[in-house]
Amino acid sequence: MNKTIVTVLFFLGLFTSLWAQKTGPAIAWEETTFDFGDITQGEKKEHIYKFSNSGTEPLVITNVEVTCGCTTPKGWPRDPINPGGKGEVTIRFDSTHKIGRQTKVAVIVSNATGGNSQITFVANVLEKKILN
């Protein structure tokens, strides 16, 4: 009898935790990493990261935080994104004063049930050739 009660409680707890994970806003990214490849020092590049709200409640992005002054969040939705809705975050990279492989991170601050999420990009910055 005790085994039956333990089994029922186990499955009830499992069902409850799975159901709880499905509620609330959630970000589903088409991609979380982008590679600009080789670029020349001084070039400015942008990339658009697309996402959807795969949750059950409106998603609100309150900020996009970057790790370096060379990286700028150019835009993100300011209005709530309803379940099933789509949005974009644009990130700009200025390679001035950079050289070699660069990996940069942007943190998307939102009310998503999974917490904040990250998007990244990489670039290989080649030295700019100066002609005489």
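Scan the range 31-44 and tell me whether some residue there is modelled with pLDDT under 95, of a type outside the set (Asp, Glu), out of contact with any helix residue (DSSP H, G or I) (no Cβ under 7 Å at 6 or more places or on another chain) and not in a loop (DSSP other than H, G, I, E, B).
no
Go through the range 97-110 and count every residue that is in a loop (DSSP other than H, G, I, E, B) and within 13 Å of the chain's Cα centre (by Cα).
Residues flagged as in a loop (DSSP other than H, G, I, E, B) and within 13 Å of the chain's Cα centre (by Cα) within the range 97-110 amount to 0.
Within the range 75-96, is there a residue that is of a type in the set (Lys, Arg), touching a residue at least 40 places away in the same chain (Cβ under 8 Å) and assigned to a strand (DSSP E or B)?
Yes, there is a match, as at least one residue in the range 75-96 is of a type in the set (Lys, Arg), touching a residue at least 40 places away in the same chain (Cβ under 8 Å) and assigned to a strand (DSSP E or B).
Which one is surrounded by the fewest Cβ atoms within 10 Å (Cβ to Cβ), of the residues in the range 93-132 that are out of contact with any Gly (no Cβ under 8 Å at 6 or more places or on another chain) and basic (Lys, Arg)?
Residue satisfying both the conditions and the ranking: Lys129.
Please state which one of Ile61, Ile108 is touching a Lys or Arg at 6+ places or on another chain (Cβ under 9 Å), under 20 Å from Ala28 (Cβ atoms) and not basic (Lys, Arg).
Ile61
Collect the residues in the range 29-53 that are loosely packed, with under 15 Cβ neighbours inside 10 Å, without any contact (Cβ under 8 Å) to a residue 60 or more places away in the chain and out of contact with any Phe, Trp or Tyr (no Cβ under 8 Å at 6 or more places or on another chain), keeping them in residue-number order.
Ile48
Which residues, taken from the range 58-75, are in contact with a Phe, Trp or Tyr (Cβ under 9 Å, 6 or more places away or on another chain) and farther than 15 Å from Phe121 by Cβ?
Leu59, Ile61, Asn63
The values are calculated or read from the model by the stated rules, or taken from the named source; none is laboratory data. This is a predicted model, so every value here is computed, not measured. Every residue, glycine among them, receives a Cβ derived from its backbone with ideal geometry; neighbour counts consider all protein chains shown.
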